Amino acid sequence: MRPNTLRTLALAVLSFAAGSLLTARLMKTNQVQAQSNRVFELRVYHANPGRLGALSARFRDETIKLFNKHGLTSVAYWTPADSPASDNTLIYILAHPSREAAKANWAAFQNDPDWKAVQQRTEADGRMVDHIDSTYMNPTDYSPMK
């Protein structure tokens, strides 16, 4: 190989390496983990006797659509496997961007004329729910869902 070719090749390799190091240095970013105020809400509905089927149908057919409209994000819904809780209990979890968002979204949902119409129509023969337990939960640092 001729000396000029060797020098040109060495200069090209050196330039490439220097450019790569400079680019890597300029492109280096610190890992940033976004702070999140996301909360989950565990809700347990205790249905009046004989009303769990109607309550589940209302959730399946109407309530969840209205939840979506108002930013109330469903995670999952359950009924207990064993009696007596399986006779009258509906359990579900919602995800909210924050406690403040949860409060605002719940207020919008409860004041929605469509929800009021659904509630009035489906409870014409009596209230479906005796009482509701609600618990807001923060994910732990080791939780797979955040």
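The values are calculated or read from the model by the stated rules, or taken from the named source; none is laboratory data. Values in this document were obtained by computation on a predicted structure and should not be read as measured data. Note: ideal-geometry Cβ built from the backbone for every residue, glycine included; neighbour counts use all protein chains shown.
Inside the stretch 78-127, can you point out the residues that are of a type in the set (D, E, K, R), farther than 19 Å from N138 by Cβ and touching a residue at least 24 places away in the same chain (Cβ under 8 Å)?
Those that are of a type in the set (D, E, K, R), farther than 19 Å from N138 by Cβ and touching a residue at least 24 places away in the same chain (Cβ under 8 Å): D87, D112, D114, R127.
Taking the options N4, N30, name whichever one is modelled with pLDDT under 95, exposed (fewer than 14 other Cβ atoms within 10 Å of the Cβ) and not in a helix (DSSP H, G or I).
N30
Given the criteria farther than 22 Å from A76 by Cβ and either assigned by TED's automatic domain parsing to the domain that holds H70 or exposed (fewer than 15 other Cβ atoms within 10 Å of the Cβ) (or both), does T140 qualify?
Values: farther than 22 Å from A76 by Cβ: no; either assigned by TED's automatic domain parsing to the domain that holds H70 or exposed (fewer than 15 other Cβ atoms within 10 Å of the Cβ) (or both): yes.
No: the conditions fail for T140.
Kindly evaluate I132 against the criterion of being under 18 Å from Y45 (Cα atoms) and touching a His at 6+ places or on another chain (Cβ under 9 Å).
It is true that I132 is under 18 Å from Y45 (Cα atoms) and touching a His at 6+ places or on another chain (Cβ under 9 Å).
Among the residues of the stretch 72-115, what is the count of those that are surrounded by 11 or more Cβ atoms within 10 Å (Cβ to Cβ), within 18 Å of Y45 (Cβ to Cβ) and out of contact with any strand residue (DSSP E or B) (no Cβ under 8 Å at 6 or more places or on another chain)?
Number of matching residues: 7.
Looking at the stretch 49-71 only, could you name the residues that are more than 19 Å from the chain's Cα centre (by Cα), of a type outside the set (A, V, I, L, M) and buried (at least 16 other Cβ atoms within 10 Å of the Cβ)?
Narrowing the stretch 49-71 to residues more than 19 Å from the chain's Cα centre (by Cα): 49-58, 61-62.
With the extra rule that they be of a type outside the set (A, V, I, L, M), the set shrinks to 49-51, 53, 56, 58, 61-62.
Those that are more than 19 Å from the chain's Cα centre (by Cα), of a type outside the set (A, V, I, L, M) and buried (at least 16 other Cβ atoms within 10 Å of the Cβ): R51, S56, R58, E62.
Does Y136 satisfy being over 21 Å from L55 (Cα atoms) and of a type in the set (F, W, Y)?
yes
For S15, all conditions in the list (1) at pLDDT below 95; (2) among the hydroxyl-bearing types (S, T, Y); (3) under 28 Å from the mean Cα position of the chain (by Cα); (4) assigned to a helix (DSSP H, G or I) hold save one; what is the number of the exception?
Single failed check for S15: (3).
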